[in-house]
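The values are calculated or read from the model by the stated rules, or taken from the named source; none is laboratory data. Remember, it's a predicted structure, so these values are computed and weren't measured experimentally. In this analysis, Cβ positions are derived from the backbone assuming ideal geometry, glycine residues included, and neighbour counts consider all displayed protein chains.
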Amino acid sequence: MKIGVIGLGIMGSGIAQVSAVAGHDVVVTDVSRSIYEKAVNSIGKSIDKLTEKKIITEKKESILSRIKFTDDYRDFGDCSIVIEAVVENLGMKREIYAKVEPHLKEDAILASNTSSISITSLASTTKRAERFVGIHFFNPVPLMNLVELIKGLRTSEETVQRSIEYVKTIKKEYVVVNDSPGFVTTRIIVMLVNEGAFEYAEGLASKEDIDKALKFGGNFPMGPLTLGDLIGLDTVVNIMDTLYESFKDPKYRAAPILRKMVEAGKLGKKSGEGFYKY
Ligand SMILES: NC(=O)c1ccc[n+]([C@@H]2O[C@H](COP(=O)([O-])OP(=O)(O)OC[C@H]3O[C@@H](n4cnc5c(N)ncnc54)[C@H](O)[C@@H]3O)[C@@H](O)[C@H]2O)c1
């Protein structure tokens, strides 16, 4: 299979990695080649770690040789599946679809890795709603075992089946869910981060103790503030805004402290500082 990946941030680079490890040829793009170079560097480090743990046996150079950068959307023309993983913004995603879709094969699947935006509304901006699907990965992609497949209102059964075939090649578990903002997973996950941020802003406990409480008291692998830093606080705020707008329910209001931190450039691990310093 040839897989296309648009956007090489935290998620896109992971999606490119797991696809290449599975043996697929991968064509990738982002706004600049330097972002691709940064992504390849982090993919290389991740492959090194997985090689040490004997999870990957193929040579790093050979895996990386299957990932090719392009700044020309025509190079997505022979992909079976193109996965968009740009920032969580409806307008931006729409712009990307308008640019890439004219070059896609008739039967190619266009997928979004969005964590909250309605797949039906994204699909409706394309001419291939039947071949549009949500392929929602989790962070960090090489380590997290689930892919949530989201059926838009017009997504065809064949598209779902072909997406499942792809997910099987990358050896991940999957669930197929119906479309609703935040789907099954994100809607709950961001609420944990948001509520943790409210608790922190209210001075209930130190950030370390909020995280420790949930980690040991709830048996979570990490606390909500560490999780927010890992996801990216800008992404968390964008998702909360999407949920708030979609459901018109005040329980989805983003904690003001999160918005303030984003304005200050404290985006979490990816910017070097969020609740914690990295
Ligand atoms: N971070 C998470 O934990 C997580 C988990 C699941 C899903 N998601 C979703 O994945 C998507 C990407 O999130 P991320 O965390 O990787 O974000 P990110 O900010 O790390 O990366 C986004 C990338 O998109 C690129 N981009 C922006 N405009 C572009 C354009 N016009 N053309 C090509 N590339 C462009 C940026 O340069 C950047 O590299 C979002 O929809 C997000 O909701 C994120």
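Is it true that PRO250 is surrounded by 17 or more Cβ atoms within 10 Å (Cβ to Cβ), under 30 Å from LYS151 (Cα atoms) and not assigned by TED's automatic domain parsing to the domain that holds HIS136? Spelling it out, it is not the case that PRO250 is surrounded by 17 or more Cβ atoms within 10 Å (Cβ to Cβ), under 30 Å from LYS151 (Cα atoms) and not assigned by TED's automatic domain parsing to the domain that holds HIS136. Scanning segment 78-105 for residues that are assigned to a helix (DSSP H, G or I), crowded, with 17+ Cβ neighbours inside 10 Å and among the charged types (D, E, K, R) yields LYS93, GLU101. Checking the structure you have, find out if any residue of segment 120-131 is within 14 Å of the ligand (Cβ to nearest atom), more than 16 Å from the chain's Cα centre (by Cα), surrounded by 21 or more Cβ atoms within 10 Å (Cβ to Cβ) and of a type in the set (Ser, Thr, Tyr). So far as segment 120-131 goes, no, none of its residues is within 14 Å of the ligand (Cβ to nearest atom), more than 16 Å from the chain's Cα centre (by Cα), surrounded by 21 or more Cβ atoms within 10 Å (Cβ to Cβ) and of a type in the set (Ser, Thr, Tyr). Against the conditions (1) within 16 Å of the ligand (Cβ to nearest atom); (2) out of contact with any strand residue (DSSP E or B) (no Cβ under 8 Å at 6 or more places or on another chain); (3) assigned to a helix (DSSP H, G or I), ASP75 satisfies every one except (2). Out of curiosity, is ALA205 more than 14 Å from the ligand (Cβ to nearest atom), part of a loop (DSSP other than H, G, I, E, B) and surrounded by 13 or more Cβ atoms within 10 Å (Cβ to Cβ)? It is true that ALA205 is more than 14 Å from the ligand (Cβ to nearest atom), part of a loop (DSSP other than H, G, I, E, B) and surrounded by 13 or more Cβ atoms within 10 Å (Cβ to Cβ). The condition of being assigned to a loop (DSSP other than H, G, I, E, B), within 15 Å of the ligand (Cβ to nearest atom) and surrounded by fewer than 20 Cβ atoms within 10 Å (Cβ to Cβ) holds for VAL31. For the residues SER163, SER246, the requirement of being assigned to a helix (DSSP H, G or I), modelled with pLDDT under 95 and of a type outside the set (A, V, I, L, M) singles out SER246. If I filter segment 52-67 for residues that are in a strand (DSSP E or B), in the same structural domain as ALA129 (by TED's automatic domain parsing) and within 16 Å of the ligand (Cβ to nearest atom), do I get at least one hit? Checking segment 52-67: at least one residue is in a strand (DSSP E or B), in the same structural domain as ALA129 (by TED's automatic domain parsing) and within 16 Å of the ligand (Cβ to nearest atom). The residue that is nearest to LEU110 (Cα to Cα), among those in segment 39-53 that are surrounded by fewer than 22 Cβ atoms within 10 Å (Cβ to Cβ) and touching a residue at least 12 places away in the same chain (Cβ under 8 Å), is VAL40.
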